[in-house]
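What follows is a set of notes on a single structure, which appears directly below.
The values are calculated or read from the model by the stated rules, or taken from the named source; none is laboratory data. Computed from a prediction, not measured in an experiment: that's the story for all the values here. Note: ideal-geometry Cβ built from the backbone for every residue, glycine included; neighbour counts use all protein chains shown.
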Amino acid sequence: MTTSRYHLVCPVCSTQFDPALPQTFCARCSSPILAHYDRVHITLTPEVVSSRPRGIWRWRELLPVNDPANFLTLGEGDSPLLPLDNIGKHLGYEALFAKDESNHATASFKARGMVVAISKAVELGLREFVIPTAGNAGGALAAYAARAGLRAHVYMPADTPIANQVEVKMTGADLVLVDGLINDAARLAKLAALANNWFDVSTFKEPFRVEGKKTMGYELAEAFNWTLPDVILYPTGGGTGLVGMWKAFKELEHLGWIGSARPRMVSVQAAGCAPVVRAFQYGAERCEVWPNASTLASGLRVPSVFADRLILQALHESHGTALTVTDEEILQSQAELAASEGIFAAPEGAATLAALKHLIQDRWVKPHEKIVLFNTGSGLKYVK
């Protein structure tokens, strides 16, 4: 196996995979594989990373791309952490924040994962990609493939918001609209990948999108002066952001940058598609496929969750929870964020405010706690 500053490991069976070759997932365990960085190769300090120009690649020692010549960028990373003073005052919570991921080039947090995945793919010599998507991941793949001069094929449900469809077409990718949900798109994308030797960058079906997403956790720790908030509410479809941040916190503690204290992680799903919530509430180890999934938040309409074990592990280890909100509550919270704070959030992001109100009612959170809501994208991408 080739020597590397990181190694790829299945978290279920501990099998290692060669990082010098393109990798997908552990077929034996049906599990994602994760990158583990060797501390001996990391000389980065908080002072150095904070002094570098803004952007995702200031964390490069903790990312898998070896040669800076392969770093792609469209200006992603370093999204603002915004105090929600008006809503916080109304709710009686003094330290309420939103991490607003709508400022990326593709207007969603998906840019973080895709820039790292495609940069690494370039380094590994891959040239053509396929993805099933609920919308934003497909747009991000199309954009970074265009940036790299590579080919992308995007399979998405036919009822995906029109902005997502236009984005994919405008950035030169091949768009295939599918009758059904993202799992139906995934089935067709997998067949196309096998038939054409395209590399599949589906959620957790390759190991590097989560590496880009974890930088949200790094940025949070830096913003709070190398401490962490008490509670994080995250909208959960495939779960890459939640798992990525939990991974980031462990890495920062391993480096000695933060202590052992962790936020309570909250997975927020739509009432019409909640496989993680159901599994968490019943104490199950795996999520079952959610039948007849339906919600206006297309990023939450993910009936089959491949990284279910990792998501549930993060919730349990953090003493967190999982809950659902209705589409009506999402729309109400979307309007409230816009009118009260000037943030036109994606429905998925608005779901976290709706969920927070339930947690307040249940007294699961306390007024003095530092609470971060994640807005994963721009509401503009959902305008009809």
### Task
Please enumerate the residues belonging to region 110-168 that are over 18 Å from G77 (Cβ atoms) and aromatic (F, W, Y).
F129, Y155
### Query
Considering region 76-105 alone, what residues qualify as being of a type in the set (A, V, I, L, M, F, W, C) and modelled with pLDDT of 95 or more?
L81, L82, L84, I87, L91, A95, L96, F97, A98
### Query
For region 107-134, what are the residues that are within 15 Å of the chain's Cα centre (by Cα) and either closer than 23 Å to L62 by Cα or surrounded by fewer than 24 Cβ atoms within 10 Å (Cβ to Cβ) (or both)?
A107, S108, F109, K110, A111, R112, G113, M114, V115, V116, A117
### Task
Determine which single condition T326 fails, assuming it passes every other condition in (1) under 19 Å from the mean Cα position of the chain (by Cα); (2) surrounded by fewer than 23 Cβ atoms within 10 Å (Cβ to Cβ).
(1)
### Message
Suppose we filter region 89-106 for residues that are closer than 19 Å to L72 by Cα, in contact with a helix residue (DSSP H, G or I) (Cβ under 7 Å, 6 or more places away or on another chain) and in a helix (DSSP H, G or I); how many remain?
### Response
0
#### Entry: Considering residues of region 73-106 that are of a type in the set (S, T, Y) and under 17 Å from the mean Cα position of the chain (by Cα) only, the residue farthest from A145 (Cα to Cα)
S79
## Note on the structure
Scanning region 1-16 residue by residue, those under 23 Å from the mean Cα position of the chain (by Cα), within 13 Å of P207 (Cα to Cα) and either at pLDDT 95 or above or not in a strand (DSSP E or B) (or both) turn out to be L8, V9, C10, P11
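Does region 67-80 include one or more residues that are buried (at least 19 other Cβ atoms within 10 Å of the Cβ) and touching a strand residue (DSSP E or B) at 6+ places or on another chain (Cβ under 8 Å)?
Yes, the conditions are met somewhere in region 67-80.
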#### Entry: Residues located in region 22-43, provided they are over 24 Å from the mean Cα position of the chain (by Cα), part of a loop (DSSP other than H, G, I, E, B) and not polar (S, T, N, Q)
R28, I42
### Task
Could you list all residues from region 347-383 that are over 24 Å from F224 (Cβ atoms) and either crowded, with 19+ Cβ neighbours inside 10 Å or touching a residue at least 12 places away in the same chain (Cβ under 8 Å) (or both)?
P347, A354, H358, S378, G379, L380, K381, Y382, V383
### Summary
The one condition S50 fails out of (1) assigned to a loop (DSSP other than H, G, I, E, B); (2) out of contact with any Gly (no Cβ under 7 Å at 6 or more places or on another chain) is (1)
### Query
Quick one: how many residues across region 138-176 are under 26 Å from A69 (Cα atoms), among the β-branched types (V, I, T) and either in contact with a Ser or Thr (Cβ under 7 Å, 6 or more places away or on another chain) or surrounded by fewer than 18 Cβ atoms within 10 Å (Cβ to Cβ) (or both)?
0
### Summary
Wholly inside region 207-269, helices (runs of 4 or more DSSP H) that include 3 or more residues that are in contact (Cβ under 8 Å) with a residue 24 or more places away in the chain and among the charged types (D, E, K, R) are 209-213
### Task
Exactly one condition in (1) at pLDDT 95 or above; (2) surrounded by 20 or more Cβ atoms within 10 Å (Cβ to Cβ) is not met by G299; state its number.
(1)
## Note on the structure
A careful count of residues in region 177-198 that are surrounded by 15 or more Cβ atoms within 10 Å (Cβ to Cβ) and either among the acidic types (D, E) or under 20 Å from the mean Cα position of the chain (by Cα) (or both) gives 6
